[in-house]
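Working notes, structure below.
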There are 2 protein chains.
Amino acid sequence: MKVKYNLICKDKNCMARHGTLETNYGTYETPMFMPVGTKATVKLLTPDELYDCNSGIILSNTYHLWLRPGPELIDKAGGLHKFMNYKGPILTDSGGFQVFSLAKPKDITEEGVHFKSHLDGSKLFLTPEESIRVQNLLDSDIAMSFDECPPFPVTHEYMEKSIERTLRWAERGKKVHSNPRQSLFGIVQGGEFEDLRKKSALETVKIGFDGYSIGGTSVGEDKETMYKMIDYSTKYLPEDKVRYLMGVGDPIDIIEGVIRGVDLFDCVLSTRIARHGNAFTRNGKINLRNLKFREDFTPIEEDCDCYACRNFTKGYIRHLITSDELLGGRLLSIHNTRFLIKLTEEIREAIKENRMLEYRDKFIEKYYANKK
Amino acid sequence: MKVKYNLICKDKNCMARHGTLETNYGTYETPMFMPVGTKATVKLLTPDELYDCNSGIILSNTYHLWLRPGPELIDKAGGLHKFMNYKGPILTDSGGFQVFSLAKPKDITEEGVHFKSHLDGSKLFLTPEESIRVQNLLDSDIAMSFDECPPFPVTHEYMEKSIERTLRWAERGKKVHSNPRQSLFGIVQGGEFEDLRKKSALETVKIGFDGYSIGGTSVGEDKETMYKMIDYSTKYLPEDKVRYLMGVGDPIDIIEGVIRGVDLFDCVLSTRIARHGNAFTRNGKINLRNLKFREDFTPIEEDCDCYACRNFTKGYIRHLITSDELLGGRLLSIHNTRFLIKLTEEIREAIKENRMLEYRDKFIEKYYANKK
């Protein structure tokens, strides 16, 4: 089935909205944070650990799976769900972001993007049709349109040409999309330019998709600019479709995104910083390598319900991290994933009670208290 | 409490014995395989995953914990059990093996061993007293005497002097051992020399320990020599004390050790080879990197009850391993640990029914069938 977004309520003081998303694997509440399983695995974690974090949709990357192990193999395995044994909804991106960020494109043409594999340098060519073909084979629940993701900043002139091409790519992708149980989302681009975000949003909606994403953030712009990019996009998106801010997963950014009307978020940050010894807490990000945690035999957060906090202490996790023991990164990945999911659970409650702005102010005050 | 070994029955066709070991954390059946948690963590796994493998005693390394995070810190945490949250018995080695294998001793004196830290080259001095002091602080359930572990081969003359010094070190260790809830084991050395193994065994027993280990195996000798070393040791050990063959964990070696009267085994092999993509199976060791597993969507072993086999396929694990995704090594570590523990469960049944030799022959035939 195609995903169906049901708006339950809006915060009367901002654009924040609470709803549900019906998927092939049940109905989930939004706003939602989606953990990232780049290569068909949320690094170090099992699906059971994700369920224990109360995960809903998870993400996987088309570019990486396209190169290795290849979509044909995953198709033979019965699709991505069976391959990785995740019994919940999966969203795949289009590969566009990785082509532009990781592989460095050799040449962007109307047809598609020529680039070199980041694995072995072999020449590759990704088109809207190929991206959709790969995602159809992966059999994710939500596929993304193939877009150009320009760096920040580019000129208004460049960005205008880029969004026009991205619109043509979106139409081409929609035309070849053929998986009846898979939804297809469109992507709003346009950088920091209000007129281009508006144009991109309205034209993308005109093509018609099952949900809409905001792309082109987290590409080097400052926070205020990112928030403006969101403002310029969400206000032109329909109320009855789900909205997804791509690649954003800092706690404050999730809150600010929600306030601007976003429903879905994803980011590798929570697990990447975990592997480097960092944990999100209500009192700001902490690095477990810090000597002050050496004799701290309390959990990362006293009131956290994650597996790591229920079973292990900061002192022990610090020992694991400083001794290069991978269980450390694994436990911190669990904590950070649960932290962001718990955050969205609280956000939903705040929206229901029209106190999202108040929630933000209190969260930020506590989060930065130690930095003052 | 001190561990108490209860002999239940012996296989009438060999020296294999089945018994129970009473510990601070309950009573466990032997023969038993003990997973190794070098730095207070069985690499990549949680205690819950070990329980799910039906683990009993696990091992931890005094040398590594002495250097990092230090026994005083673990003592402050409430001991090793609380520090790593393992709710079962823990055995710590003496540090001797690591000093000789990893750190390369600078100078062996009557007093102890001068050597350099493998971490930062700093000068260290480990004595029998210090080893016991550290293990007392770690508060493991079973501590090992500090011994010299000579390489293979050394001359009879060298080995004789070595076992005499090791006997003096064992006495010194016993004298300072002061943790009433911790057992202390003696170690039989003597290389491949029957007279020296006999002397070492009898003299160690004369000092009197709560259990006895066979050391000096897996130091470069061939299999037949290793089995002889075991033969030369176990026959001089008392029936009413548990016997532990140190550092041996190849499936065939466990079986051959059991046949020669050994009760306890440990080895890093099962988890180390896992991280390199290898899995134990009844049909021999397999490497999941092998192309033939690419489209194999069956578990590592159809009839295995481990978490990895219950949830994932060879094709998926191969993808994880070839993509450097650590979940692969984690899943294989679970499988290999469960494999060896399951092996000892079967061994106990075979002993009860006096068919240990038959069990060995059948196991070996199947294990090597693919190599013929």
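The values are calculated or read from the model by the stated rules, or taken from the named source; none is laboratory data. Because the structure is predicted, anything quoted here is derived from the model rather than measured. Cβ: placed from backbone, ideal geometry, glycine included. Neighbour counts: every protein chain shown.
Of note:
- Where a residue in the stretch A:204-224 is β-branched (Val, Ile, Thr) and its partner, wherever it lies, is assigned to a strand (DSSP E or B) and surrounded by fewer than 16 Cβ atoms within 10 Å (Cβ to Cβ), with Cβ under 9 Å and at least six apart: none
- When residues of the stretch B:195-209 are limited to those that are under 21 Å from the mean Cα position of the chain (by Cα) and of a type in the set (Val, Ile, Thr), the one surrounded by the most Cβ atoms within 10 Å (Cβ to Cβ): B:204
- The residue pairs whose first member lies in the stretch B:38-62 and is away from chain A (no Cβ under 14 Å), whose second member is buried (at least 21 other Cβ atoms within 10 Å of the Cβ) and aromatic (Phe, Trp, Tyr), and whose beta carbons are closer than 7 Å, counting only pairs six or more residues apart or on different chains, do not exist in this structure.
- Residue list for the stretch A:94-114, filter: more than 18 Å from the chain's Cα centre (by Cα), surrounded by 18 or more Cβ atoms within 10 Å (Cβ to Cβ) and outside any strand (DSSP E or B): A:103, A:112
- The set of residues in the stretch B:16-59 that are over 23 Å from residue B:181 (Cα atoms) and of a type in the set (D, E, K, R) comprises B:17, B:43, B:48, B:49, B:52.
- Flag if residue B:221 is out of contact with any Pro (no Cβ under 8 Å at 6 or more places or on another chain) and within 23 Å of residue B:204 (Cβ to Cβ): no
- Of the candidates B:146, B:83, B:100, the single residue that is among the aromatic types (Phe, Trp, Tyr), at pLDDT 95 or above, closer than 23 Å to residue B:200 by Cβ and in the same structural domain as residue B:179 (by TED's automatic domain parsing) is B:146.
- Tally, over the stretch B:144-162, of residues that are without any contact (Cβ under 8 Å) to a residue 40 or more places away in the chain and out of contact with any Pro (no Cβ under 8 Å at 6 or more places or on another chain): 5
Residue-by-condition table, conditions (1) at pLDDT below 95; (2) surrounded by fewer than 19 Cβ atoms within 10 Å (Cβ to Cβ); (3) closer than 23 Å to residue B:305 by Cα:
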| position | (1), (2), (3) |
| --- | --- |
| B:317 | no, no, yes |
| B:324 | no, yes, no |
| B:331 | no, no, yes |
| B:334 | no, no, yes |
| B:337 | no, no, yes |
| B:344 | no, no, yes |
| B:351 | no, no, yes |
| B:361 | no, yes, no |
| B:372 | yes, yes, no |
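- Total residues in the stretch B:63-93 satisfying the condition of being over 22 Å from residue B:1 (Cα atoms) and either outside any loop (DSSP other than H, G, I, E, B) or facing chain A (nearest Cβ under 8 Å) (or both): the figure is 9.
- Subset of the stretch A:301-343 that is facing another protein chain (nearest Cβ under 7 Å) and of a type in the set (Gly, Ala, Ser) - its residue that is farthest from residue A:366 (Cα to Cα): A:323
- Residue match in the stretch B:272-290 (condition: of a type in the set (Ser, Thr, Tyr), at pLDDT 95 or above, farther than 23 Å from residue A:39 by Cβ and not assigned by TED's automatic domain parsing to the domain that holds residue B:59): yes
- Qualifying residue in the stretch B:279-293 (condition: of a type in the set (D, E, K, R) and in contact (Cβ under 8 Å) with a residue 60 or more places away in the chain): yes
- Yes/no for residue B:186 being assigned by TED's automatic domain parsing to the domain that holds residue B:63, on the phi > 0 side of the Ramachandran plot and either at pLDDT below 95 or not β-branched (Val, Ile, Thr) (or both): no
- In the stretch A:300-308, the condition of being within 30 Å of residue B:86 (Cα to Cα) and part of a helix (DSSP H, G or I) is met by at least one residue.
- If you go through the stretch B:17-54 and pick out every residue that is under 18 Å from the mean Cα position of the chain (by Cα), over 20 Å from residue A:332 (Cα atoms) and not in a strand (DSSP E or B), you end up with 6.
- Residues being of a type in the set (Ser, Thr, Tyr) and more than 18 Å from residue A:170 (Cβ to Cβ) - total across the stretch A:140-158: 2
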